[in-house]
Every structure is written in structure tokens, then in C-alpha cells.
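Derivation of every value follows stated rules applied to the coordinates shown; laboratory data play no part. Note that the coordinates shown come from a computational prediction; the quantities given were computed from them, not determined experimentally. Reconstructed Cβ throughout: ideal geometry from the backbone, glycine too, with neighbour counts over all protein chains shown.
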Amino acid sequence: MTSKTAWITGASSGFGAAAVERFVAGGWRVIASGRRAERLQQLVDRHGADKVHAAAFDMRDESAMRAAHAALPPAFAAIDLLLNNAGLALGTSPAQQADLAQWKQMIDTNVTALVTMTHLLLPQLIERRGAIVNISSIAGSYAYRGGNVYGASKAFVTQFSQNLRCDLHGTGVRVSSIEPGMAETEFTVVRTGGDQAASDQLYAGAHPITAGDIADTIWWIANMPPHLNVNRVEVMPVSQSAAGLQVARD
Ligand code: NDP
Ligand code: 8X3
């Protein structure tokens, strides 16, 4: 059993919650962050305060993020792996009908908060020759209608990951980008403003990726021999593949 520590953002549901289970089962301590304090507390109750530390705050609030970092208990203060997972899509409308506030919330969460978190932890990740795993998306590589700012925010995450690798050259810090396709979590309920039926319909019969599948992928990356870096992993369910281009005619 290792005694390493991971900070998992977006630990209150989906990939993040599954990753908490995987890392705790593997003997790691986990800092679990997200806005929903009660969900995070359930993780602490299930695993114990020596295994999971709950840090409830909104990632878009930089001072709250810094305060959570400063308030880490000594046993959780030395971080070996940052899982930048917190994020969301809002809306499926084409750009010309999209809500600007939703666009800003996606950028603030998926881009600005992710880089702020990374900047905050980089000094100690370098000191400990740690790892950063960023959760991007196939939406950052494949354009689709209604993907507009969400996809662009994930293209940023993918490229930021590769650029981080260049800057961290020689430090021993590993950086990986995981780019999942369709996965059944709370993602579509959030994207549709709480429409569980729409979410159920999207995934029905598609055998989508599960949160556990991605937790296993993160765990595999985290446990690579120290001389190996997984740069990018793109994962889709077998039922999903790319569609063609479109042509508008007069
Ligand atoms: P979920 O909605 O289940 O989980 C999203 C997590 O992000 C929650 O824990 C949520 O916590 C957290 N989060 C969102 N906004 C904030 C915020 N402002 N501050 C703090 N935490 C926040 O979805 P997934 O597990 O699917 O999503 C995880 C990541 O995976 C996201 O980055 C998403 O874009 C990406 N992804 C998802 C895919 C999918 O098909 N499901 C495919 C590819 C990538 P809380 O609400 O408690 O704050
Ligand atoms: C989520 C995957 O295809 O729904 O990032 O945009 S997709």
C-alpha cells in the first residue's frame, strides 16, 4: 500500500466520485473537492477522515480555492497527483441561440478554474515529482452541433496538457490528458438543466462509458512506471464513432 495523496476535483459525482473509490481502495489518501458538501461528507463517512478530506468550494472562487489549500490537514498537505476533473457542459443550442452566461460558466469552470488549480499546486507537484491528470473530452477534437464553447474549453484542456509537458520537461512531473466520449454520469442532467428523461434517452441502448471505466483509466495512468508518461488517451464506447462533415446548399 502506498501513502500517496491525490487531489480530485469534481469528486461529488461521476468520474471524480468513482476515482475517489478507486484511489482509496488502492491505498491513497484523497482530497475530494466539489460544491456539494453533503456528497463529499458521505465520502468521508464511508472511508474515514484519515483517508478522505472533504474540501467543499466553488472552483470559480479563487480565494475559496486558496483557503481550501491553506486549510489542508498536515496528513493531506503533500500532494502527489492532481486530477483536474471538475467541469461541465451547459446547453446544446447552436451558438447563435446560446446563453452567454452559460458560456462564461463553462469557461470559468473548465478553463480558468483548471489553470488556477494547476498553478496553485505546481510548486509542490514539481518538488514531489508528481502527476497531473486532466479530464478533457472528445468534444475538444471532434466538432458537433451545439458543442461550441464546451468543445472549445476541452480543446484548451487538451492543448494545455501538452504544453504543460513541454514546460515541465526535466522535472519528472507527468501530465496526461484523458479524452472520454459518451459517458453516463450526471453530465447530461446538468447540461440539460435537470432533464433526467433526456439523459436517460441519450444513453438508452448505447452502452456508454461508465464512471468506473474512466476511474480505471486514471488509476492505470497513475500507476505507470515512473519513466513512462501517457500523453493522451481517447476513449469511446464501441457504440460511438465520428460522423461526417455537412454541406449546406442553395
Ligand atoms: P458530473 O456532472 O457527474 O460531475 C461533474 C463534477 O464537477 C461534479 O463533481 C461537480 O461537483 C463538479 N463541478 C462542476 N462545477 C463545479 C464548480 N464550479 N466548482 C466545483 N466543482 C464543480 O459529470 P462527469 O463526471 O461526467 O464530468 C467530469 C468531467 O468529465 C467534466 O470535466 C466533463 O466535462 C468531463 N467529461 C464528461 C464526459 C461525459 O460524457 N460524461 C465525457 C468527456 C468528458 P458539484 O456539482 O458538487 O460542484
Ligand atoms: C462529453 C462528451 O460527446 O457529450 O465531454 O461532448 S460529449
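Results, tabulated for the structure shown:
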{"item": "Complete set of residues in region 92-128 that are basic (K, R) and not in a helix (DSSP H, G or I)", "result": "R128"}
{"item": "Any chance G130 is within 13 Å of ligand 2 (Cβ to nearest atom) and not polar (S, T, N, Q)", "result": "no"}
{"item": "Region 203-214 residues that are in contact (Cβ under 8 Å) with a residue 24 or more places away in the chain, paired with ones that are part of a strand (DSSP E or B) (beta carbon under 6 Å, 6 or more apart)", "result": "P208/A183; I209/P180; I209/A183; I214/P180"}
{"item": "Those residues of region 56-69 which are surrounded by fewer than 18 Cβ atoms within 10 Å (Cβ to Cβ), farther than 19 Å from F160 by Cα and in contact (Cβ under 8 Å) with a residue 40 or more places away in the chain, in sequence order", "result": "E62, R66"}
{"item": "Subset of region 201-219 [in contact with a Pro (Cβ under 6 Å, 6 or more places away or on another chain) and either closer than 23 Å to L81 by Cα or crowded, with 16+ Cβ neighbours inside 10 Å (or both)]", "result": "P208, I209, I214"}
{"item": "From A54, A19, A89, residue being in a helix (DSSP H, G or I) and among the small types (G, A, S)", "result": "A19"}
{"item": "All positions within region 80-115 that are among the hydroxyl-bearing types (S, T, Y) and within 11 Å of ligand 1 (Cβ to nearest atom)", "result": "T109, T112"}
{"item": "Subset tally (residues that are among the charged types (D, E, K, R) and touching a strand residue (DSSP E or B) at 6+ places or on another chain (Cβ under 9 Å)) for region 129-156", "result": "2"}
{"item": "Residue list for region 88-140, filter: of a type in the set (S, T, Y) and surrounded by fewer than 20 Cβ atoms within 10 Å (Cβ to Cβ)", "result": "T92, S93, T112, T116, T118"}
{"item": "Evaluation of R66 against (1) in a helix (DSSP H, G or I); (2) farther than 13 Å from M117 by Cα; (3) charged (D, E, K, R) (one fails), failing number", "result": "(2)"}
{"item": "Qualifying residue in region 149-170 (condition: under 20 Å from A222 (Cβ atoms), touching a residue at least 60 places away in the same chain (Cβ under 8 Å), away from ligand 1 (no atom under 12 Å from the Cβ) and surrounded by fewer than 19 Cβ atoms within 10 Å (Cβ to Cβ))", "result": "yes"}
{"item": "When residues of region 174-226 are limited to those that are closer than 20 Å to I79 by Cβ and part of a loop (DSSP other than H, G, I, E, B), the one farthest from ligand 2 (Cβ to nearest atom)", "result": "P226"}
{"item": "Filter pass, A183 being within 10 Å of ligand 1 (Cβ to nearest atom), under 15 Å from the mean Cα position of the chain (by Cα), crowded, with 20+ Cβ neighbours inside 10 Å and among the hydrophobic types (A, V, I, L, M, F, W, C)", "result": "yes"}
{"item": "Scope region 70-87; condition of a type in the set (A, V, I, L, M), under 17 Å from R35 (Cα atoms) and crowded, with 19+ Cβ neighbours inside 10 Å; matching residues", "result": "L83, A86"}
{"item": "Any hit, region 35-45, residues being more than 11 Å from ligand 1 (Cβ to nearest atom), touching a residue at least 60 places away in the same chain (Cβ under 8 Å) and either surrounded by 15 or more Cβ atoms within 10 Å (Cβ to Cβ) or among the acidic types (D, E) (or both)", "result": "no"}
{"item": "Cβ pairs under 7 Å, 6+ apart, first in region 98-123 and more than 14 Å from T9 (Cα to Cα), second within 12 Å of ligand 1 (Cβ to nearest atom) and part of a loop (DSSP other than H, G, I, E, B)", "result": "Q102/L90; Q105/L90; M106/L88; M106/A89; M106/L90; D108/R60"}
{"item": "Residues satisfying the stated conditions in region 137-148, i.e. outside any loop (DSSP other than H, G, I, E, B) and away from ligand 1 (no atom under 12 Å from the Cβ)", "result": "N148"}
